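The values are calculated or read from the model by the stated rules, or taken from the named source; none is laboratory data. Just so it is clear, the model here is predicted, and its values are computed rather than measured. Glycine also receives a Cβ, built like all others from the backbone with ideal geometry; neighbour counts cover every protein chain displayed. To get the accessible areas, we keep the full protein, side chains included, count just its heavy atoms, and leave off ligands, DNA and RNA. Shrake-Rupley method; radii C 1.70, N 1.55, O 1.52, S 1.80 Å.
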Amino acid sequence: MEEIWEIYKGGKWVVSFLTFSIYFFVAASFTLYLYIVASRNKKINRERLRIEYNTEIEKLLASVIFENVSFAAIKENKNFLVLFDTSFFREVLTESLINLHKNYEGIYAEKLEQFYKESGLIKDSFKKLKSLKWEVKCKGITELAEFNIKEAFDKIILYSKGRNKTLKITAINACIKLGGTRGIVHLVEHPDPIDDWTQLNIIGAFKKHDIGDTKGIELLLESQNTTVVTLGLKLIKELKLTQKLPYVVQLATKATNTTIKYEAQSILQALTV
């Protein structure tokens, strides 16, 4: 310790320390500069490729929708196969498919769904569910829900019980689209509070997807979690489910929680006026 103290008092270390600090700062700055330049170039190249790919994809999907060209026929084009082997091309293709699917209904939408399955893009979406990044999981969930892949329901519903708020909302919305009330009945046993933002998203999903079968919503009123009960009451009110009024009456009569009782009575008044 004394030797170290003598070296410290001598001050010789200062020059070495400052020299090292300067070299380190210069090296770190140069490395950061190279990283920024490389990232910028990568982004520019991706945008250039996106423009090129979109031109080819528009022609491809137009032939699928309007000319009934099958994926088997498309695979005969060697240039397409080369492009299709690149993950970025498949990513842009999936985005284009989703945008088109949102704007088409009936037989045209079915053709896009069929192409999504036959091309194997559905496998890419399922792989995203296994990603360690929640944002990638969300992307896979959104893709599978958009193309009505009902066999994905059991896997997606697992993520609706997670901790990540965005992932949870995305999964619940997808499950509502794929399975209607099956996507929320599991919330009866949900131990954690469901905040207002999540509740609004769930109600919005029911309205957006125009869920006709509302069987099971009344089960939410039996939950020990007051926020789940509140969600059930809000769904009954917002969707104007007058056939669920007997359950609301029962809740208004027997509820021990004064807030829940008041909410139930308020909804009874709103739906019976």
| field | residue 99-residue 127 pseudo-label distance in nm [points 7 Å out on the Cα-to-Cβ vector] | value | 2.3
| said: Taking the 0 to 90 degree range and rounding to the nearest ten, how far is the long axis of helix 106-118 tilted relative to the main principal axis of the chain, both from C-alpha atoms? | reply: 40
| note | Taking every other residue with Cβ under 13 Å from the Cβ of residue 123 and scoring Lys and Arg +1, Asp and Glu -1, one gets +1
| request: Take peptides 40-48, 104-112 and line them up by average Cβ neighbours within 10 Å, highest first, as a rough protection proxy. | output: 104-112, 40-48
| message | Once you keep just the Cα pairs under 8 angstrom separated by 6 or more residues, what percentage relative contact order results for the range 101-245? | response | 16
| Separation of the residue 166 and residue 243 label points, Cα + 7 Å toward Cβ, nm | 3.8
| Integer Hz, Karplus 6.51/-1.76/1.60 couplings in order for the range 250-259, x for Gly and Pro | 4, 5, 5, 7, 9, 4, 8, 7, 5, 5
| query | Between residue 136 and residue 200, what FRET efficiency comes out of the Förster formula 1/(1 + (r/R0)^6) with R0 = 25 Å and r the beta carbon distance, rounded to 0.05? | reply | 0.50
| In whole angstrom, how far apart do the alpha carbon centroids of the range 108-149 and the range 190-217 sit? | 22
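Give me the percent of the accessible area of the range 68-212 that comes from carbon and sulfur atoms, probe 1.4 Å, all protein chains in place.
Carbon with sulfur: 53 percent of the solvent-accessible area.
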| said: Please compute the per residue accessible area over the chain with all protein chains in place, 1.4 Å probe, rounded to a whole number of Å². | reply: 63
| field | Nonlocal amide H pairs with residue 194, under 5 Å, H built at 1.01 Å | value | 227, 228
| note | With T = 4 °C, eta = 1.567 mPa s and Kirkwood Rh from C-alpha pairs, the Stokes-Einstein D of the range 184-273 in µm²/s is about 99
| task | Please list the radius of gyration and Dmax for the chain, considering alpha-carbon atoms only, with Å as the unit. | result | 28.0, 90
| field | Estimated [θ] at 222 nm from DSSP helical runs (n ≥ 4, -39500 (n - 2.57)) normalised by residues in the chain, nearest 500 | value | -23500 deg cm²/dmol
| request: Report the Stokes-Einstein translational diffusion coefficient (µm² s⁻¹, integer) for the range 114-220, Rh taken as the Kirkwood radius over Cα pairs, at 37 °C with viscosity 0.692 mPa s. | output: 234
| said: Using a Cα-Cα cut-off of under 17 Å, which aspartates and glutamates could be cross-linked to residue 133, ignoring same-chain neighbours fewer than 8 residues away? | reply: 91, 124, 143
| For the range 77-86, in order, what is each residue's ³J(HN,Hα) by Karplus, 6.51 cos²θ - 1.76 cosθ + 1.60 with θ = phi - 60°, in whole Hz (x at glycine and Pro)? | 7, 5, 4, 5, 4, 5, 5, 5, 6, 8
| query | Using modelled amide H (1.01 Å from N, peptide plane; none on Pro or chain starts), what sits under 5 Å from the amide H of residue 257, excluding residues fewer than 5 places away? | reply | none
| field | Cβ crowding within 10 Å averaged over residues, with 141-147, 195-201 ranked highest first | value | 141-147, 195-201
